[in-house]
């Protein structure tokens, strides 16, 4: 299980760091800018959010997951409200916090006792809150579940409540968390993982509705089914499949785009971790988030061996991480709970 935990962390980090260079561009624009598909770490251009950061840098996506993992370890594996809040506060002290989105910034300030003005507080339903920020950070919630999807779902809800406690974001986060938990089993395969992910998506949505936090957003669950259908239809043509997933499902900031798209990518690549990361990096729009989510699942399913050793060395050195020690810490505390 340690290698699967490590594989999930490494997959998410690789996807994020590679995708930092391609974010916001379309597939066609990525090919034009970089002379073809991006299949390795490249210099980060000056016209993306991660501008000025060295090659191999992660963004808010994996850095928040990494700090969440570290915080869970500090809490001896107990994922509760205190742990969730500490994770946000700990992350706000890092160099990556400058990339935080408005929802996370508002949550951090609220925890500090500062209430930021919300220009949309008159809305009964703010559908913009159904973002993929819930799913991008959620892998640690599953990696301490011992492979139990229900534990992973409960952990995901707890981690998301300070920032993304709504039906759409919880559906997306619980789908990813449940998938990773299922992937930790030795006999796991992609179809089993997907079925558990569907259960997570439905459960997370129901929890959000039960909290009276229903959003008027597309169904994560139904779009996951559609994304798999698209991927299976076009999987013999890598770029065509990416284009269809991007055009029909979407690969943007919405949770109901990024998470279903990530599952479509898993079927396109048969969950090969490196190819999954590459697919996410090149699909266009919110590439780093899609790649982070998809590769965190693929890495948990297949382990770390799909990635060259130098990938982890680059990410650790550039970002000040210790992915292997973090994986060991998560495995250790998962035995406690």
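A short reminder: the numbers here are calculations on the coordinates, not readings from a lab. Remember, it's a predicted structure, so these values are computed and weren't measured experimentally. Virtual Cβ from ideal backbone geometry, glycine too; neighbours counted across all protein chains shown.
Spin-label pair residue 238-residue 317: with each label point 7 Å from Cα along the Cα-Cβ axis, the two points sit 2.7 nm from one another.
Across q = 0.18, 0.23, 0.25 Å⁻¹, the stretch 195-243 modelled as identical point scatterers on its alpha-carbon atoms has Debye log10 I(q)/I(0) values of -0.65, -0.83, -0.89, in the order of the q list. Each principal axis of the Cα cloud of the chain was taken in turn, and the coordinate range along them, longest first, works out to 48, 43, 42 Å.
Judged by the mean number of other Cβ atoms found within 10 Å, the most tightly packed of the peptides 205-212, 150-157 leads the ranking 150-157, 205-212. Estimated purely from DSSP H runs of n ≥ 4, each contributing -39500 (n - 2.57), the mean residue ellipticity at 222 nm for the chain is -19500 deg cm²/dmol once divided by its residues.
If you wrap the Cα atoms of the stretch 284-337 in a convex hull and average its projected area over all directions, you get 5.0 nm².
Multiplying the residue separation of residue 109 and residue 24 by 0.36 nm and subtracting their alpha-carbon distance yields 27.8 nm. Computed extension gain for residue 47 through residue 186, at 0.36 nm per residue and net of the alpha carbon distance, reaches 45.8 nm. Over the stretch 74-220, with a single point scatterer placed on each C-alpha, what log10 of the ratio I(q)/I(0) does the Debye formula yield at q = 0.11, 0.20 1/Å? The Debye formula, applied to the Cα set alone, gives -0.41, -1.21. Given their separation in residues at 0.36 nm each and the Cα-Cα distance between them, residue 309 and residue 332 gain 6.0 nm when the chain is fully extended. From the alpha carbon centroid of the stretch 252-321 to that of the stretch 31-52 is 16 Å.
Working note: Cα gyration tensor of the stretch 148-221, eigenvalues times five, square-rooted, sorted largest first, giving semi-axes of 22, 12, 8 Å. Computed over the alpha-carbon pairs of the stretch 1-158, the distance histogram in 5 Å steps reads 1, 8, 15, 18, 18, 15, 12, 8, 3, 0 percent, short to long. Ordering of 114-121, 264-271 by packing is 264-271, 114-121, highest average first (other Cβ atoms within 10 Å, averaged per residue).
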